[in-house]
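**Q** What follows is a single structure, and I will ask about it in a moment.
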Amino acid sequence: MCHASVQVPFFASSDVQAAYTAAKALVDFANPTNSLFIVYTRNNHCGVATVCGPSSGSPAIVQQDLVKWANAETSPGSGGSPPLTALAYLTASMAIPPLSTLPTLTAGKTAVLRFALSNLKPGVAPLAKAILELEIVAPNPTEYRFTNPKISGSTAVVQLTGLHVLVKPSAVAGPGSEDANQGDTWDAISASIPVSTLPNPLPTTPLSMTPLDTRAIAVGAYSSTGDLNDTITVGFDVLQ
């Protein structure tokens, strides 16, 4: 009645991205039981005791939901994936092209996303001039599909363990999260990155080298078709 469109914050908006962004600011993910959401479920601010009164039942329900949400934000994926804060290395974030501009699954081609590993945090000396390449298509109007991760330009052999694809709306802080369904497919990668020379100039088509993994990752989009609103960050467990 109130927070869909009448009273800010619009955490009940029918626009999922807007609702997510508004709601996230009201949650303490480190200590979800201290979140403002819980305070307001029991302070009678809306004047309807059965909705926002201390004995309405809402505080317990909201607290339970916020704990689940906090766990999802801080422990993405499944099968024991590490919290984002535990990822040892992160690339810079990159805007994902609008879904409407990406090749379809049946187009017979892919677009490429390339991350300059000179921006890796913390830095890894042999990868200072290397790039990470992902291929991307749009299998449907609400999903990204990533394939064939490759790293080219390493000046020494580097052992890689665990590759995490993190996606989020651009308005949301932090690196993002893994898709709960298939987003952890590359978490178990263990591969050696060979010494290689980065092509100059870079081709517009995918690099002609063996990928680190040939399995695909499907990731649900946050933004609507045609909107340039989602970003991608890649994390690694080990680079040595």
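**Q** When the accessible area of the chain is split by element with a 1.4 Å probe, what percent falls to carbon and sulfur?
**A** 57
**Q** For the chain, find the longest principal axis of its Cα atoms and tell me its angle to the long axis of helix 58-74, 0 to 90°, nearest 10.
**A** Once rounded, the angle reads 10 degrees.
**Q** Counting heavy atoms of the protein chains only and a 1.4 Å probe, report the per residue accessible area for the chain as a whole number of Å².
**A** Ligands and nucleic acids excluded, the result is 50 Å² per residue.
**Q** Restricting to Cα pairs below 8 Å that are 6+ residues apart, what does the relative contact order work out to for segment 1-140? Please round to a whole percent. Could the numbers behind the result be given before it?
**A** Working: 166 pairs, mean separation 18.5, N = 140.
Over segment 1-140, the number comes to 13 percent.
**Q** Of Cys46, Val67, Met94, which is farthest towards the positive pole of the chain's charge dipole, taken about the Cα centre with +1 and -1 on the beta-carbons of Lys, Arg and Asp, Glu respectively?
**A** It is Met94.
**Q** Given H placed 1.01 Å from N in the peptide plane, which residues other than close sequence neighbours of Ala130 have an amide H under 5 Å from its amide H?
**A** So Ala130 has HN proximity to Leu117, Ser118.
**Q** Please list, in chain and number order, the residues 5+ apart from Ser196 or on another chain whose amide H is under 5 Å from its amide H, with Hs placed from the backbone.
**A** Long-range HN contacts for Ser196: Gly153, Ser154.
**Q** Could you work out the relative contact order of segment 106-239? I mean the mean sequence separation of Cα pairs under 8 Å and 6+ apart, divided by the number of residues, in percent.
**A** Averaging sequence separation for qualifying contacts and normalising by length gives 31 percent for segment 106-239.
**Q** If you don't mind, there's one more thing I want to ask. Once every DSSP H run of n ≥ 4 in the chain is given -39500 (n - 2.57) and the sum is divided by its residues, what mean residue ellipticity at 222 nm do you get, rounded to the nearest 500 deg cm²/dmol?
**A** -4000 deg cm²/dmol
**Q** Next question, about the same structure. Along the charge dipole of the chain, Cβ charges K/R +1 and D/E -1, which of Ser58, Ser190, Val27 sits furthest on the positive end?
**A** Ser190
**Q** If one puts a single equal scatterer on every Cα of segment 87-134 and applies the Debye formula without solvent, what log₁₀ I(q)/I(0) results at q = 0.25, 0.30, 0.32 Å⁻¹?
**A** Treating every Cα as an identical point scatterer, log10 I(q)/I(0) equals -0.90, -1.12, -1.22.
**Q** Taking each pair of distinct Cα atoms in segment 121-174 once, what is the resulting Kirkwood hydrodynamic radius in Å? Don't skip to the end; give the middle numbers.
**A** On the way: mean 1/r = 0.0729 Å⁻¹.
For segment 121-174, inverting the mean 1/r across all distinct Cα pairs yields 13.7 Å.
**Q** What do you get for trypsin sites (Lys or Arg not before Pro) in segment 111-219 restricted to DSSP loop and a cutoff of at most 15 other Cβ within 10 Å of the site's Cβ?
**A** Answer in residue order: Lys129, Arg215.
**Q** Moving on. Give the relative contact order (percent, whole number) for the chain; include only Cα pairs under 8 Å separated by 6+ residues.
**A** Computed over the chain, the figure is 21 percent.
**Q** Let's see if you can work this out: charge +1 on each Lys and Arg Cβ, -1 on each Asp and Glu Cβ, no other charges. What is the dipole magnitude of the chain about its Cα centre, in debye to the nearest 20? Mind showing how you got there, number by number?
**A** Values: 11 positive and 15 negative charges, 59 e Å.
About 280 debye.
**Q** Amide H to amide H, which residues 5 or more places from Thr104 or on other chains are under 5 Å from it, using H placed in the peptide plane?
**A** Long-range HN contacts for Thr104: Ala138.
**Q** Could you point to the label whose value was computed as Kirkwood radius over Cα pairs in Å for the structure here, given [x] 20.3; [y] 18.3; [z] 19.7?
**A** [z]
The values are calculated or read from the model by the stated rules, or taken from the named source; none is laboratory data. Note that the coordinates shown come from a computational prediction; the quantities given were computed from them, not determined experimentally. Reconstructed Cβ throughout: ideal geometry from the backbone, glycine too, with neighbour counts over all protein chains shown. Just so you know, the surface numbers come from the protein's heavy atoms only, side chains and all, with ligands and any DNA or RNA stripped out. Shrake-Rupley method; radii C 1.70, N 1.55, O 1.52, S 1.80 Å.
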